[in-house]
Amino acid sequence: MNLDDTIVAIATPAGRGGIGVVRLAGARALEIAAPMLRLKHGLEAGRAVFGELINPRGAGAPAREKPGATKTDVQSASSLSARHTAQGSSFSFSGETRAGAPAPHETLQRIDEVLVTYFAKPHSYTTDDIVEISAHGSPVVLRHTVELCVAAGARLAEPGEFTMRAFLNGRIDLTQAEAVRDLIDSQTLYQAKVAAQQLEGALSRRLQPVKQKLVELIAVLEAGIDFAEDDVSVMPDATILTHIAAVRTPLEQLNATFAYGKIVHEGLTLAIVGRPNVGKSSLFNQLVERERAIVTATPGTTRDLVSETVAIGGIPVKLVDTAGIRHALDEAESIGIRKSMEALADADLVLVVLDASQGETAEDAELLRQAENRPVIVVGNKSDLGSSGQWLVSSGQKTLTSAVTGEGIAELRGEILRHIGGESGTHAESGFLTNIRHQGLIQDSLAALDAAKNAVAGKVPHEMLLLDLYNALRPLDAITGATTSDDILNLIFSTFCIGK
Ligand SMILES: Nc1nc2c(ncn2[C@@H]2O[C@H](COP(=O)(O)OP(=O)(O)OP(=O)(O)O)[C@@H](O)[C@H]2O)c(=O)[nH]1
Ligand SMILES: [Mg+2]
């Protein structure tokens, strides 16, 4: 992938919309955009300018010029004038408004009215010059604009290439690049907020001091080896172990945030199971807040799995309604029940529904046994019909609901949220692990630190110990961006004053 190319893409989603944006980034962005724009004012960094998108001469549209025609107001790229202002450079490629009505072929040249924003290098998303053309959201116009850019020398951007440039040009680190993707993919506002924190650098900020400590330890040990004859005192083993622990502990804590972070990122699946007719589908409908699943008074109504995703406490929860579990009366029901059992096995959280008015039956007890080792919420539904009180005995949980009156539904949501860990999530704003790639790397780093601890215990030469420490550093680099050996050298020389 060439970083010097000027790249172009439609930045807004496919399809028709009020506005569509074409983004052009690279050293030639201004020069490529100039011939297709006729603007009211000159472009100035960070300002949106109104104007027209036109077919440049010789590109596509009929340029039926009569010999001796007056100069057209489409300026060529070569006449693009740049003037330098106190704020920075400002470019102008608007033709001055001409008196009189435009000739017919000139109106034909106009494609759309546009708003053009120029972001001057290096204060742009990718750090290149960027020109964003906001046209009306017509796929035809947008595609044509891209084609004009390509004809003028731009290259079609690869997926994610703008963000990749931002990373390669050092404007954002890897966690931030990943956060851009997460932000775009988020399904709930809470997910978006978490991604925005990471985009702002929360995870990197949390990792940075840890990495710094590790780099310092490496620097001391390297100095001890490199400058052995210069009386750089060798660090005692106990001190080395303290330093390793100071790196290990925060990494361990960060690692522990993944259990919740994974749920925030991916959401979870909740299966609603129970005997026929206890009101599973009715509860499901209450939770999704619409009549999604069929409800009838006949036991065995639901046959297939019905699923729907809702946000609970900002976490996407995929609710799965299942067939009531009993001895099946026909083949379709028996397949449905098998699917119910699979859904129970696959779910992150199981909602076992009992009929509170009937008390717990032998089938309920059997089902509860099956769900025993799973995170489970037991609900006594039909509380409006009166509760026998018996059903609570073996479950130890007391969520009573009525899918008919709506009683207890809010409490049930609260119970689900508690299981998700939603409460703990509210204060986990200082950057937590949501990404499985990051978690894998943190674990690699922890394993290498353990090896380093063993190396110290085994009185292994520091050259060998350093290998473990570098193995611990590398995965952290892979999360945020590289520590070059220059960084380590700088630390050696700056903090140890070995002025040779
Ligand atoms: N009084 C009362 N009736 C309810 C309640 N919840 C559900 N019902 C009724 O119980 C019957 C069965 O409800 P469903 O939601 O279809 O039960 P289900 O568990 O999905 O049944 P299957 O799909 O057959 O397994 C319907 O007539 C509902 O109106 C409740 O809380 N109170
Ligand atoms: Mg049902």
Next on the checklist: With the requirement that a residue be near ligand 2 (Cβ under 9 Å from one of its atoms) and at negative phi, what does region 253-277 give you?
Outcome noted: ILE272, PRO276
Item to check | Number of the exception - LYS339 against (1) at pLDDT 95 or above; (2) within 29 Å of the chain's Cα centre (by Cα) | outcome: (2)
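Being among the polar types (S, T, N, Q), in the same structural domain as GLU200 (by TED's automatic domain parsing) and modelled with pLDDT under 95, is that true of even one residue in region 473-483? Write out each step before concluding.
Going residue by residue through region 473-483, those that are among the polar types (S, T, N, Q) are 480, 483.
Right, trim to in the same structural domain as GLU200 (by TED's automatic domain parsing) and you get 480, 483.
Next, only the ones that are modelled with pLDDT under 95 stay: 480, 483.
Yes, region 473-483 contains at least one residue that is among the polar types (S, T, N, Q), in the same structural domain as GLU200 (by TED's automatic domain parsing) and modelled with pLDDT under 95.
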Checklist entry - Across region 383-429, what is the number of residues that are among the polar types (S, T, N, Q), part of a loop (DSSP other than H, G, I, E, B), within 23 Å of ASP348 (Cα to Cα) and modelled with pLDDT of 85 or more? => result 1
Checklist entry - Out of (1) in contact (Cβ under 8 Å) with a residue 40 or more places away in the chain; (2) not assigned by TED's automatic domain parsing to the domain that holds THR401, the odd one out for THR322 is which? => result (2)
Next on the checklist: Among the residues of region 147-171, what is the count of those that are more than 14 Å from ARG181 (Cβ to Cβ) and either over 27 Å from the mean Cα position of the chain (by Cα) or among the hydrophobic types (A, V, I, L, M, F, W, C) (or both)?
Outcome noted: 11
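Can we say HIS265 is modelled with pLDDT under 95, within 30 Å of VAL215 (Cβ to Cβ) and not assigned by TED's automatic domain parsing to the domain that holds ALA451? Break it down stepwise before answering.
On the way: modelled with pLDDT under 95: yes; within 30 Å of VAL215 (Cβ to Cβ): yes; not assigned by TED's automatic domain parsing to the domain that holds ALA451: yes.
Yes, satisfied.
If we scan region 6-17, do we find a residue that is at positive phi and surrounded by fewer than 24 Cβ atoms within 10 Å (Cβ to Cβ)? First the steps, then the outcome.
Narrowing region 6-17 to residues at positive phi: 15.
Next, from what is left, pick out any that are surrounded by fewer than 24 Cβ atoms within 10 Å (Cβ to Cβ): 15.
Among the residues of region 6-17, at least one is at positive phi and surrounded by fewer than 24 Cβ atoms within 10 Å (Cβ to Cβ), which makes the answer yes.
The values are calculated or read from the model by the stated rules, or taken from the named source; none is laboratory data. Keep in mind it's a predicted model, so treat the numbers as computed, not measured. Cβ: placed from backbone, ideal geometry, glycine included. Neighbour counts: every protein chain shown.
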